[in-house]
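Notes follow once the structure below has been shown.
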Amino acid sequence: MEFSQFDQSILSPDLKAVAAHWNAARGDKLMPSWNDLQPAAMAKQLPKVWSYVYDPEHDEFVGRLGGEAIARIFGKAIKGARLSELVPIIGRERMAARLKRVMELPALVSGSGPLFTQIDRYGVGERIIMPLASDGMHAESVLGATEYSVKGMIPSEISELEELEQWFPLSQ
């Protein structure tokens, strides 16, 4: 997979900037590590950035980073929060499966459409997810960014609306 294919699938300039930093940070490795990332390089985008670390012992994702715009989705900071604690807000099983697949393939994913629902509102927009690996080869966490706008009352057909996803497997 050429990174340019993933980049072309992204519409948001801010999400493109996060993806470009991920790509630059990995250098000649398959994927960058958390320590390869430079927050200053994506300072403008940090409110939209999030990260989860996989805890294999508990088969759970734990929030490592969540910008201000991400905290607004959940009504609380995701740093240190288990994905399962966010069940009422997002489809935990679907999100956990997506994050695991990003790590296991490994792959880059871009998506757009309805991104979350809450009791009285929903959000639409665009999301990217990219794997991170301490050794550059075996992912143990993910970096993502989400750009969204909040909509009003959840339409009855929301379950019929699908988030459109594009997957880009990584290879040496």
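List the helices (runs of 4 or more DSSP H) that sit entirely inside the stretch 1-87 and contain at least 2 residues that are surrounded by fewer than 16 Cβ atoms within 10 Å (Cβ to Cβ), in contact with a helix residue (DSSP H, G or I) (Cβ under 9 Å, 6 or more places away or on another chain) and hydrophobic (A, V, I, L, M, F, W, C).
In the stretch 1-87, 13-26 are the helices (runs of 4 or more DSSP H) which contain 2 or more residues that are surrounded by fewer than 16 Cβ atoms within 10 Å (Cβ to Cβ), in contact with a helix residue (DSSP H, G or I) (Cβ under 9 Å, 6 or more places away or on another chain) and hydrophobic (A, V, I, L, M, F, W, C).
Which of the residues belonging to the stretch 64-112 are out of contact with any Asp or Glu (no Cβ under 9 Å at 6 or more places or on another chain), at pLDDT 90 or above and of a type in the set (Gly, Ala, Ser)?
66, 80, 81, 97, 107
Applying the selection to the stretch 21-35, what residues are charged (D, E, K, R) and free of Cβ contacts under 8 Å to residues at least 60 places away in the same chain? Spell out the reasoning first.
Kept after step one, since they are charged (D, E, K, R), are these residues of the stretch 21-35: 26, 28-29.
Correct list: 28 only.
Count, please, the residues in the stretch 131-172 that happen to be at pLDDT below 80, surrounded by 14 or more Cβ atoms within 10 Å (Cβ to Cβ) and under 27 Å from residue 8 (Cα atoms).
Count: 3.
The values are calculated or read from the model by the stated rules, or taken from the named source; none is laboratory data. Treat the numbers as computed from the prediction; the structure is a model and nothing was measured. For neighbour counting, all protein chains shown are included, and Cβ atoms are generated from backbone atoms with ideal geometry for every residue, glycine included.
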